[in-house]
Each structure stands twice: as C-alpha cells, then as structure tokens.
Amino acid sequence: MRRPGLWAASTAAVVALGLAVATLDAYGTTTRPTVPAAAAAGVEDDGADCPVANTAPPATSLLPDPFTKLDGTRVTTKSGWRCRRAEIKELAERTVYGQKPAKPANVTGTVSSSGITVNVSDQGRSASFSASVSLPSGTGPFPLVLVVGGLGADTATIKASGAAVVSYNPLDVGKEGTARNAKSGAFYSLYGSTSSTGLLAAWAWGASRIIDVIEQSGGAVLRADAVGVTGCSRYGKGALAVGAFDQRVALTMPIESGTAGVPAYRSVAQESGAQPLSSGYSEQPWLGDAFGSYQSNPGGLPVDTHEVLGMIAPRGLFVMENPHVDWLGATSGSVAALGGAEIYKALGAGGNISYWSDVADGTHCAVRSEWKAPLQASINAFLKKSGTPPAVFRVSAKKAGNLSQWRSWTTPTLADDGGGTANGGTTNGGTTNGGTVNGGTANGGTTNGGTTNGGTTNGGTTNGGTTDGGTSSGSSGGTGGGCTATHRTVSSWNGGYQGEVTVTNAGSGTIDHWAVAMTLPAGEEIASLWSGTASGTGGIVTVRNAAYNGTLGAGASTTFGFTVNGPSTPPSGVSCGTS
C-alpha cells in the first residue's frame, strides 16, 4: 500500500493539442509536428493517494509492459496512467532506488540572486544545505535549470536562453565514498546512516527541498513553476532521478548517465563493454540496497528504466548520450529511450521527448555544438512556454538499440475520459505526433484506419506518391493484400534520417501477419530497425512484423521504425501485403 503522510493528489497537468506544420529547425533536422509543451504538475507526486498492492509482475527477460497494472489489467485512459505511474514509482523505490520520503515536517530557507539556503527538520532531527545561483541578463523572476554537481548541459547556453543556473552539490545531501551501512549527508542526518535509500534518491530528495524553498520564496527571483534539471555522468543519473520523482520539474536533461542512469538494466547487462550492473551497484551506493538482489538477475526487476523515463511523461525530456565510450552503454540507453517514447506516444505527447546520441566528439561530458539548438528549444518550450519542443530522435548508428528485441507488448492509444485533453493528450479521437487512435494516425499517418487511393489523407499523400521528400507531415504509401503502409520521415540530418512506417489493416477481417516492401535509393542503408524484422539493408528491403504486432483487427494499426545512413531521401514503392 502507499506510504502514509504523502501529499494529497492533484489533478493531472492538462495541455491542449493543436496540429502543426513540419518545419526545418535550427539544427537542420526536419521534425515532426508537436503538441504544445506539457506543464509540470503543481505537486511533487500527484499519485500519492493511489493504492499500490504489495505485489510484483512476473519476472521477464524483456522490458516489462508499462501499461499493464499490478492487477493484470491494462491502462486504457490518460487518467488511468496517473495511478499506473504511482505503481511504477513505488516498484522503482522498492527494488532500484530505495524510498524517497515525502516533504519533511518543516522546510525553510531563503532565495537570493546569488544563492539558496535549505533548512529541514523532521522527527527531532535537522539538516541544512545550500545551492548557488547565477542569473541571466534581464528582469526576473527567471525560470531555472538545476545543474546537479555543477556538471550538465552547457550553462552558457542555458543563461543565454534566459534561464538561471542553480548549481546544486548533491554530495552535501548524500556523500559518495561511504559504506552502505554508514551513509552520510543531509538526507542521512534525517533518515539514518543505515537507510536503505541510495544516493540517487537522496539527491532527488534534496532537489525537491530546493524546489520547496523556491515555492515558498514568493517568486521574486526564481519561478517554481519553471524548473529544469540537468547533470552529466553520475550527476546525469541524479538528474534522471530528480525529474522522475518530482512532477514539479518541467524539463529533465540527463547526459551520458551510464549504468544506473538511462540505459535499460536488462539490455546493459548484455551490452559488450558497458559498465556491469554489479559495478554500477558497488562503485558507489548510488542505487538502493535492495538492488543488490538484482545485479546478476535484471530479469527479476519489476521495472526498468524505460518506465522511469515514462514517469516523466508528458513533461519535457531531452536525453543526451555519447556513443564513443562503451562504458556508458549508449545502445541500452537508446533502447530505454525508445521504450519511454512509447509511453509519451500513448499519452499523445510524443513530441515532448527528444534523444540525441549522434555526436562527433567522444570526450565524456563535453560541451557539444550538436546539442545547443535542441537545448535552447527545450528551455523555450518547457520553461518559458514559447515555441515548440525540439521533438527529435538522433540515434547514432554506432550504438543503435532495437526496441523490438526487448518487448512483447504493444502501445495503446489512451483515451481522453470524456473528450477533454489531459497530460498532453488527444481530443475527439485524433492524435498528433504520429500516435494512433481507432487504427489511424494524424499528421502523416492514416485516419480512422482508412486510406484514399493507396495514399493517406490529412497531411499525407494520395495515389501512393510521396510529398516533397517525405517530411513529417507527408508520407508515402500503397495497399496490397488487405493492408496499407505509409512512411513518414521523423527527423533527418546530414548523412541520414529516421523513418517510421504505419501499417494498417484496411480490410474487414483480422490479419495475422504483414510484410512491407520498400526501395531505398542508391547509397542508403538501414542502420537500425525496431518493431519489425528486415531482410536486407539496402535496395529493396522487406520488413515483416515482430512476434507481438502481426495480428491486426479491422482498421487497427501498428508501426515500425528505422534509421538510415546515407542521403536523406525517403524510400519509394512502399507497399504492404499479408501473404
């Protein structure tokens, strides 16, 4: 059951949807249309009132289904996700992080243009810590980015974007270099040196107390409703925990976080050269003590990191990774990000998650030019409520994971509970950003499971043709054997692009399998593919369904995705058959 003493729940953050035209963004990538950025919740945990059974799902070597509740039923509505998220949160605390306590009985402090002080007391114990503040030019109050450990996204770009930089030393809250039975820092002064809570959850707790103080300050200097967080390496692990466990954080930006951060535990255990789970557990007490039982048995974990990323949905998330250092497990990071993106898609907020590992510089925690424009766009969209999110996936061919190898579940389209919008959701049965409803997609997919003359309507193409290179609002497609296939370019860059094909059963009966044929132009080669199995990587390529997405009822749809190295010209002759 849920722990006593947590805050009462609030209603989920609500955002409106609008259709947008695909544009060429500042970093030269064609991005899909996006929904407006989702607002952060007004409370630390809006599912605190949700009952969570003291059970766990069956062990599995694949990524657990984020949409199946502990009682065995699946989430069907956006409002239902609130309590499913609460289940994921508590399972993560029980097995991965250790408990993150709720707000202590007393939190006080100060906020100035140069620093923040935090004083906490609970059950007769007290502790204090602080953070430094560096304001941008202009007049406040300012949005802010909490930089864990002073190491994260480029602070010059953050300030130039109009956000304050708050440097938070997490070691004041949970010190590294300690034994698990002798932890120290402000958190452990309150909850005991033998607490089973790991450093990452302790660091997240400290960040939440900083937000408490900003809330209480009256907003003269900093805005508590416009908080971002970033960190690199071990502090990237901490930044992920901060954003996942506090719904007041509007934008989460972990960088090169490695094992115990973004990379999926099940995948990283098999990724050559990646930091082993045993090392991630023993190097520092980052993870909770309970994780010790899973360091050689990740399949026994009731959660994985794709669900931790999903805890952030529909709020802003920009994951940055380095494919040049094997130890960082970027292949497993892309697996987790692709899995987390399915949660965003189900909530109708697919544009609110971005991922970028396609970088040239292999130096760990370097300031990278490739990330500057999407960083600015993320700050503008989620902290300043201006413009749209970057909505880009740039997966390096060096470390490209295949989600279809790691899941047996499908992604639902969560309903709107009466036609309103919630959590970046959809309205009146339609979706944006490539999500599906009633077997169809909007903005470059099919609508209501149907097509027109082999092409798509509402932003797609007709007669099987392509629209100007297949931007995110256009598609190519054809029919055959009772199914249709439409392609859209999700994003493109110099030397490649990411594509997505929507397969729809256009007949009146059920199909049990499908195959899509498409022709890649000369010089193009598939680098990675998920949610399907490909024969060939260049020229004429045939993609057949994965084991879990071959059966489609009348009007139902599914998707597979891929990245291509070479010119950014979309495939031609895209067609679907069931034989």
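The values are calculated or read from the model by the stated rules, or taken from the named source; none is laboratory data. What you are looking at is a predicted structure, and each value in this text was computed from that prediction instead of being measured. All Cβ positions, even for glycine, are placed from backbone atoms using ideal geometry, and neighbour counts span all protein chains on display.
If we scan the stretch 342-354, do we find a residue that is touching a strand residue (DSSP E or B) at 6+ places or on another chain (Cβ under 7 Å), modelled with pLDDT of 95 or more, surrounded by 24 or more Cβ atoms within 10 Å (Cβ to Cβ) and aliphatic (A, V, I, L, M)? Let's see the steps before the verdict.
Keep residues of the stretch 342-354 that are touching a strand residue (DSSP E or B) at 6+ places or on another chain (Cβ under 7 Å), which gives 344, 352-354.
Within this subset, residues satisfying the condition of being modelled with pLDDT of 95 or more are 344, 352-354.
Okay, now just the ones that are also surrounded by 24 or more Cβ atoms within 10 Å (Cβ to Cβ), so 344, 352-354.
With the extra rule that they be aliphatic (A, V, I, L, M), the set shrinks to 353.
Yes.
Cβ-Cβ distance below 9 Å, separation of 6 or more or different chains: which pairs start in the stretch 323-340 with a residue that is in the same structural domain as L63 (by TED's automatic domain parsing) and end on one that is assigned to a helix (DSSP H, G or I) and surrounded by fewer than 21 Cβ atoms within 10 Å (Cβ to Cβ)?
Listed by first residue and then by second, the contacts come to P323/A397; P323/K398; H324/K398; A330/K398; T331/K398; V335/Q405.
Looking only at the stretch 25-54, filter to residues that are assigned to a loop (DSSP other than H, G, I, E, B) and β-branched (V, I, T); which one of those is modelled with the lowest pLDDT? Working first, answer last.
Here is the first cut: in the stretch 25-54, the ones assigned to a loop (DSSP other than H, G, I, E, B) are 25-29, 32-54.
Right, trim to β-branched (V, I, T) and you get 29, 34-35, 43, 52.
Working: T29: 38, T34: 43, V35: 49, V43: 93, V52: 95.
The residue in question is T29.
Looking only at the stretch 82-115, which residues are farther than 11 Å from V303 by Cβ and part of a helix (DSSP H, G or I)?
Here is the first cut: in the stretch 82-115, the ones farther than 11 Å from V303 by Cβ are 82-86, 98-115.
Of everything in the stretch 82-115, those that are farther than 11 Å from V303 by Cβ and part of a helix (DSSP H, G or I) turn out to be R82, C83, R84, R85, A86.
Report whether or not D49 is surrounded by fewer than 18 Cβ atoms within 10 Å (Cβ to Cβ) and within 22 Å of A250 (Cα to Cα).
The answer is yes for D49.
Can you pull out the residues in the stretch 366-382 that are of a type in the set (S, T, N, Q) and either surrounded by fewer than 17 Cβ atoms within 10 Å (Cβ to Cβ) or over 18 Å from V249 (Cα atoms) (or both)?
Step one: filter the stretch 366-382 for residues of a type in the set (S, T, N, Q), giving 369, 376, 378, 380.
S369 - this is the single residue of the stretch 366-382 that is of a type in the set (S, T, N, Q) and either surrounded by fewer than 17 Cβ atoms within 10 Å (Cβ to Cβ) or over 18 Å from V249 (Cα atoms) (or both).
Failed condition for K398, given (1) buried (at least 23 other Cβ atoms within 10 Å of the Cβ); (2) part of a helix (DSSP H, G or I); (3) not aliphatic (A, V, I, L, M), with all others met?
Of the numbered conditions (1) buried (at least 23 other Cβ atoms within 10 Å of the Cβ); (2) part of a helix (DSSP H, G or I); (3) not aliphatic (A, V, I, L, M), the odd one out for K398 is (1).
Taking G532 as meeting all but one of (1) surrounded by fewer than 22 Cβ atoms within 10 Å (Cβ to Cβ); (2) in contact (Cβ under 8 Å) with a residue 60 or more places away in the chain; (3) small (G, A, S); (4) closer than 25 Å to A330 by Cβ, write down the number of the exception.
Going through (1) surrounded by fewer than 22 Cβ atoms within 10 Å (Cβ to Cβ); (2) in contact (Cβ under 8 Å) with a residue 60 or more places away in the chain; (3) small (G, A, S); (4) closer than 25 Å to A330 by Cβ one by one, G532 breaks only (1).
Restricting to the stretch 44-74, and then to whatever is out of contact with any Lys or Arg (no Cβ under 7 Å at 6 or more places or on another chain) and hydrophobic (A, V, I, L, M, F, W, C), can you tell me which residue is farthest from T489 (Cα to Cα)?
A53
Among the residues of the stretch 536-545, is there at least one that is assigned to a strand (DSSP E or B), modelled with pLDDT under 90 and in contact with a Lys or Arg (Cβ under 8 Å, 6 or more places away or on another chain)?
no
Could you list, in sequence order, all residues of the stretch 298-335 that are closer than 16 Å to K398 by Cα and of a type in the set (G, A, S)? Can you show your working first?
Filtering the stretch 298-335 down to residues closer than 16 Å to K398 by Cα leaves 320-335.
G329, A330, S332, G333, S334 - these are the residues of the stretch 298-335 that are closer than 16 Å to K398 by Cα and of a type in the set (G, A, S).
The conditions are (1) surrounded by fewer than 20 Cβ atoms within 10 Å (Cβ to Cβ); (2) in contact (Cβ under 8 Å) with a residue 60 or more places away in the chain, and N181 fails exactly one of them. Which is it?
Exception for N181: condition (2).
Across the stretch 133-173, which residue is surrounded by the most Cβ atoms within 10 Å (Cβ to Cβ) among those that are in a loop (DSSP other than H, G, I, E, B) and among the polar types (S, T, N, Q)?
If we filter the stretch 133-173 for residues that are in a loop (DSSP other than H, G, I, E, B), which is where we start, we get 135-141, 149-154, 161-163, 169, 173.
Among the residues that remain, those that are also among the polar types (S, T, N, Q) are: 137, 139, 161, 169.
On the way: S137: 7, T139: 6, S161: 20, N169: 16.
Ranking the qualifying residues of the stretch 133-173, first place goes to S161.
Rundown of residues vs (1) crowded, with 24+ Cβ neighbours inside 10 Å; (2) within 17 Å of A330 (Cβ to Cβ), yes/no style:
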{"residue": "K237", "(1), (2)": "yes, yes"}
{"residue": "L240", "(1), (2)": "yes, yes"}
{"residue": "F245", "(1), (2)": "yes, no"}
{"residue": "A250", "(1), (2)": "yes, no"}
{"residue": "M253", "(1), (2)": "yes, yes"}
{"residue": "A264", "(1), (2)": "yes, yes"}
{"residue": "Q275", "(1), (2)": "no, yes"}
{"residue": "S293", "(1), (2)": "no, no"}
{"residue": "E307", "(1), (2)": "yes, no"}
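In the stretch 180-191, is there at least one residue being at pLDDT 95 or above, among the polar types (S, T, N, Q), in contact with a strand residue (DSSP E or B) (Cβ under 9 Å, 6 or more places away or on another chain) and in a helix (DSSP H, G or I)?
Filtering the stretch 180-191 for residues at pLDDT 95 or above gives 180-191.
Narrowing further to those that are among the polar types (S, T, N, Q): 181, 184, 189.
Restricting the remaining residues to those that are in contact with a strand residue (DSSP E or B) (Cβ under 9 Å, 6 or more places away or on another chain) gives 189.
After this cut, where a residue has to be in a helix (DSSP H, G or I) as well, the list is 189.
Yes, because at least one residue in the stretch 180-191 is at pLDDT 95 or above, among the polar types (S, T, N, Q), in contact with a strand residue (DSSP E or B) (Cβ under 9 Å, 6 or more places away or on another chain) and in a helix (DSSP H, G or I).
Might you let me know whether the stretch 119-132 holds any residue that is without any contact (Cβ under 8 Å) to a residue 24 or more places away in the chain and surrounded by 17 or more Cβ atoms within 10 Å (Cβ to Cβ)?
Checking the stretch 119-132: at least one residue is without any contact (Cβ under 8 Å) to a residue 24 or more places away in the chain and surrounded by 17 or more Cβ atoms within 10 Å (Cβ to Cβ).
Hey, does the stretch 188-205 have a residue that's touching a residue at least 24 places away in the same chain (Cβ under 8 Å) and under 17 Å from V145 (Cβ atoms)?
To start, the set of residues in the stretch 188-205 that are touching a residue at least 24 places away in the same chain (Cβ under 8 Å) comprises 189-191, 195-205.
Now drop any that are not under 17 Å from V145 (Cβ atoms), which leaves 203-204.
Within the stretch 188-205 (the criterion being touching a residue at least 24 places away in the same chain (Cβ under 8 Å) and under 17 Å from V145 (Cβ atoms)), the answer is yes, since at least one residue qualifies.
Whether any residue in the stretch 214-230 is at pLDDT 95 or above, part of a helix (DSSP H, G or I), polar (S, T, N, Q) and surrounded by fewer than 23 Cβ atoms within 10 Å (Cβ to Cβ) is what I want to check.
The answer is yes, given that some residue of the stretch 214-230 is at pLDDT 95 or above, part of a helix (DSSP H, G or I), polar (S, T, N, Q) and surrounded by fewer than 23 Cβ atoms within 10 Å (Cβ to Cβ).
If G238 satisfies all but one of (1) closer than 23 Å to G138 by Cα; (2) within 18 Å of the chain's Cα centre (by Cα), what's the number of the condition it fails?
(1)
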